[in-house]
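Worksheet: one structure, shown below.
The values are calculated or read from the model by the stated rules, or taken from the named source; none is laboratory data. Here the structure is a predicted model, which means the values were calculated and not measured. When we count neighbours, we look across all protein chains shown, and the Cβ atoms used for this are built from the backbone with ideal geometry, even at glycine.
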Amino acid sequence: MQRIVDFGLDVKEYVNLVSRLGVRALVIPVQFMLCPFCREPHRLWHHGSYSRFMDDGEQVHKSQILCLFCPIEGKTVSLLPHFLMPRKQATCKVMETYFTKRHIEGLPQAVAMAAATKTNPSRQKGAYWDRCLEKKAPVLMAHLRPRRTEEGALLPRLVRHLLHGFASPGEALCVHNQRLHARFSVWLF
Ligand SMILES: [Zn+2]
């Protein structure tokens with residue numbers, strides 16, 4: 001199982017801390033130490049870590065993800081920092097910049113991608129993110145419950161709803177991802 005945790009660190013702070021002191025130095029909010037599988041409340045055990053790439057738009061960092069373990073069920077829980085999505089190298093900020101440039105500002109895919117990340121701005125990746133977002137449209141609309149129905153193409157409408165009420169880049173996707181998972185057990189992407 002993967003859970004998203006706000007360790008109170010941004011990408012660089014997370015990468016620096018983990019490279020200097022290891023994942024054991026991360027301060028885990030108390031609710032994430034509790035077992036999500038068992039009815040009887042108990043604390044999870046530390047269970048090492050695995051490597052993950054993280055693209056913050058400037059560079060691709062290689063860092064570690066902390067794993068916890070329930071000895072009763074024999075299941076692991078990995079704690080992804082809040083700026084990541086499951087199975088995506090790009091951080092929320094990179095994806096949000098792409099979606100804003102592509103669907104709000106209407107820039108061509110290659111230009112939107114180049115604005116989002118310097119590391120590997122491939123158009124295929126942007127197209128793939130668009131398909132991921134499209135697939136999630138029904139559950140996203142149920143989650144966002146927009147007050148007024150807007151006209152126009154699906155993706156620009158979705159992105160406008162996602163960004164509504166958020167000022168800083170990266171924040172909207174992070175927050176919606178956590179809320180969506182808490183309510184419907186699905187990730188944004
Ligand atoms: Zn357990």
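One residue is enough: does region 61-71 have a residue meeting the conditions modelled with pLDDT under 95 and of a type in the set (S, T, N, Q)? Let's see the steps before the verdict.
First, pick out the residues of region 61-71 that are modelled with pLDDT under 95: none.
No, there is no match, as no residue in region 61-71 is modelled with pLDDT under 95 and of a type in the set (S, T, N, Q).
The conditions are (1) among the basic types (Lys, Arg); (2) within 15 Å of the ligand (Cβ to nearest atom); (3) over 24 Å from Thr97 (Cα atoms), and Arg24 fails exactly one of them. Which is it?
Every condition holds for Arg24 apart from (2).
Among the residues of region 1-45, how many are touching a helix residue (DSSP H, G or I) at 6+ places or on another chain (Cβ under 6 Å), assigned to a helix (DSSP H, G or I) and exposed (fewer than 13 other Cβ atoms within 10 Å of the Cβ)?
Counting residues in region 1-45 that are touching a helix residue (DSSP H, G or I) at 6+ places or on another chain (Cβ under 6 Å), assigned to a helix (DSSP H, G or I) and exposed (fewer than 13 other Cβ atoms within 10 Å of the Cβ) gives 1.
Tally the residues that are within 12 Å of the ligand (Cβ to nearest atom) and more than 11 Å from Ile72 (Cβ to Cβ), restricting the search to region 29-46.
5
Check Gly106 against each of (1) small (Gly, Ala, Ser); (2) part of a loop (DSSP other than H, G, I, E, B); (3) surrounded by 21 or more Cβ atoms within 10 Å (Cβ to Cβ); (4) assigned by TED's automatic domain parsing to the domain that holds Leu155 and name the one condition it does not meet.
(3)
Got at least one residue in region 47-55 being within 16 Å of the ligand (Cβ to nearest atom), surrounded by 12 or more Cβ atoms within 10 Å (Cβ to Cβ) and not aliphatic (A, V, I, L, M)?
The initial filter retains those residues of region 47-55 that are within 16 Å of the ligand (Cβ to nearest atom), namely 47.
Of the ones still in play, those that are also surrounded by 12 or more Cβ atoms within 10 Å (Cβ to Cβ) are 47.
In the following step, the residues that additionally are not aliphatic (A, V, I, L, M) were identified as 47.
Yes, the conditions are met somewhere in region 47-55.
How about region 46-93: which of its residues are aromatic (Phe, Trp, Tyr) and not in a loop (DSSP other than H, G, I, E, B)? Walk me through it before giving the result.
Taking region 46-93 first, the residues aromatic (Phe, Trp, Tyr) are 50, 53, 69, 83.
Within region 46-93, Tyr50, Phe53, Phe69 meet the criteria.
Considering only residues that are on the phi > 0 side of the Ramachandran plot and in the same structural domain as Val30 (by TED's automatic domain parsing), look in region 56-103 and name the one that is nearest to the ligand (Cβ to nearest atom).
Here is the first cut: in region 56-103, the ones on the phi > 0 side of the Ramachandran plot are 57, 74, 87.
Adding the requirement that they be in the same structural domain as Val30 (by TED's automatic domain parsing) leaves 57, 74.
Numbers: Gly57: 38, Gly74: 9 Å.
Applying the filter and picking the extreme gives Gly74.
Any chance region 24-32 includes a residue that's in contact with an Asp or Glu (Cβ under 9 Å, 6 or more places away or on another chain) and without any contact (Cβ under 8 Å) to a residue 60 or more places away in the chain?
Residues of region 24-32 that are in contact with an Asp or Glu (Cβ under 9 Å, 6 or more places away or on another chain), as a first pass: 29.
Filter once more, keeping what is without any contact (Cβ under 8 Å) to a residue 60 or more places away in the chain: 29.
Yes - at least one qualifying residue is present in region 24-32.
Of the residues Ala153, Ala142, only one is within 19 Å of Val175 (Cα to Cα), among the aliphatic types (A, V, I, L, M), surrounded by fewer than 13 Cβ atoms within 10 Å (Cβ to Cβ) and modelled with pLDDT under 90; which?
On the way: Ala153 fails: within 19 Å of Val175 (Cα to Cα).
Just a single option satisfies the conditions, and that option is Ala142.
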